[in-house]
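A.B. asks: Sharing a structure, written as structure tokens. Questions coming.
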Ligand SMILES: Nc1nc2c(ncn2[C@@H]2O[C@H](COP(=O)(O)OP(=O)(O)OP(=O)(O)O)[C@@H](O)[C@H]2O)c(=O)[nH]1
Ligand SMILES: [Mg+2]
């Protein structure tokens, strides 16, 4: 069945948050380089919109996608990427922080954490920072297909605990296998105000 997020199209990319223009509502994807942000956007929208790679540091700009005029999904560069100029590898970088602080219409920030590796030090710093800034965050455990199904229940509880959540409050997703993608798709469509379209 068609879904509102099937209509998502690439809109623009820039390194300067000030050049992104206004929106009515947007959600953003943050997380370690290689955590699967771009792959998740492709899974949610059911097409190859965002470039993905096994090499960390694939996404270098703020990439904006639109489900309807001014209803956006925003793919961000990852943090913790170990090569490149010093300014781009310190913490999550000025670009990401600048964007998160300047967007007036962010309704949710999806923080992707590798289900098998668990949250890194930078993930925890990012979560603490988002909380301190009172930004609306939602933690998503990704690549859950890499956790043995016999371990999934325990692992979800462990990862949830490490990020200070109940297991139910931690989204458990595999972009590769589609686990949890349908729920996330509906949640995002509602949040950006396009649910029921199409
Ligand atoms: N097994 C598995 N691999 C995944 C999943 N999601 C993403 N990957 C793989 O993880 C790698 C990184 O994915 P990307 O989507 O490019 O990661 P990213 O977070 O956008 O990375 P940056 O742009 O560097 O910040 C790719 O090789 C993907 O195929 C998943 O659900 N399961
Ligand atoms: Mg990416």
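A.B. asks: Exposure proxy check: 75, 114, 6 ranked by fewest other beta carbons within 10 Å? Before the final figure, lay out each step's value.
C.D. replies: Values: 75 25, 114 21, 6 15.
Neighbour counts put them in this order, fewest first: 6, 114, 75.
A.B. asks: Report the equivalent ellipsoid semi-axes for the chain in whole Å, largest first, defined as the square roots of five times the eigenvalues of the gyration tensor built from alpha carbon atoms.
C.D. replies: Details: eigenvalues 107, 90, 49 Å².
In descending order, the three semi-axes are 23, 21, 16 Å.
A.B. asks: Let me ask something else. Looking only at the chain, where both bridge partners belong to it, what percent of the DSSP beta bridges are antiparallel (to the nearest 5)? Don't skip to the answer; put the middle values down first.
C.D. replies: Details: 10 of 30 bridges.
Within the chain, antiparallel bridges account for around 35 percent of the total.
A.B. asks: If you don't mind, there's one more thing I want to ask. What shape does the range 128-184 take by its C-alpha gyration tensor, where a ≥ b ≥ c are the square roots of the eigenvalues and a/c under 1.5 counts as rounded, a/b above b/c as prolate, and the rest as oblate? Don't jump to the answer; show the numbers that get you there.
C.D. replies: Numbers: a/c = 2.64, a/b = 1.55, b/c = 1.70.
Oblate, because a/c is 1.5 or more while a/b does not exceed b/c.
A.B. asks: So what is the 222 nm mean residue ellipticity for the chain from helices alone, if each DSSP H run of at least 4 adds -39500 (n - 2.57) and you divide by all residues, rounding to the nearest 500 deg cm²/dmol? The partial results should precede the final answer.
C.D. replies: Numbers: 6 runs with 57 residues, N = 198.
Helix-only estimate at 222 nm: -8500 deg cm²/dmol.
A.B. asks: In addition: Please report the antiparallel percentage of the DSSP beta bridges confined to the range 1-118, to the nearest 5. All intermediate terms of the calculation are to be shown ahead of the outcome.
C.D. replies: Numbers: 10 of 22 bridges.
Of those bridges, close to 45 percent are antiparallel.
A.B. asks: Which order do the peptides 23-34, 154-165 take when ranked by the mean count of other beta-carbon atoms within 10 Å per residue, highest first?
C.D. replies: Highest-to-lowest ranking by the protection proxy: 23-34, 154-165.
A.B. asks: Turning to a different aspect of this structure: Give me the number: length gained by fully extending residue 1 to residue 61, i.e. 0.36 nm times residue separation minus the C-alpha to C-alpha distance, one decimal in nm.
C.D. replies: Values: separation 60, 0.36 × 60 = 21.60 nm, distance 3.22 nm.
So the chain would gain 18.4 nm between residue 1 and residue 61.
A.B. asks: Tell me, in nm to one decimal, what length is gained between residue 105 and residue 22 on full extension, where the rule is 0.36 nm per residue of separation less the Cα-Cα distance?
C.D. replies: Values: separation 83, 0.36 × 83 = 29.88 nm, distance 0.82 nm.
My answer for the length gained is 29.1 nm.
A.B. asks: The range 23-68 to the range 140-198: how many Å between their Cα centroids?
C.D. replies: 16 Å
All of the numbers you see were taken from the coordinates with simple rules; none came from a lab. Treat the numbers as computed from the prediction; the structure is a model and nothing was measured. Every residue, glycine among them, receives a Cβ derived from its backbone with ideal geometry; neighbour counts consider all protein chains shown.
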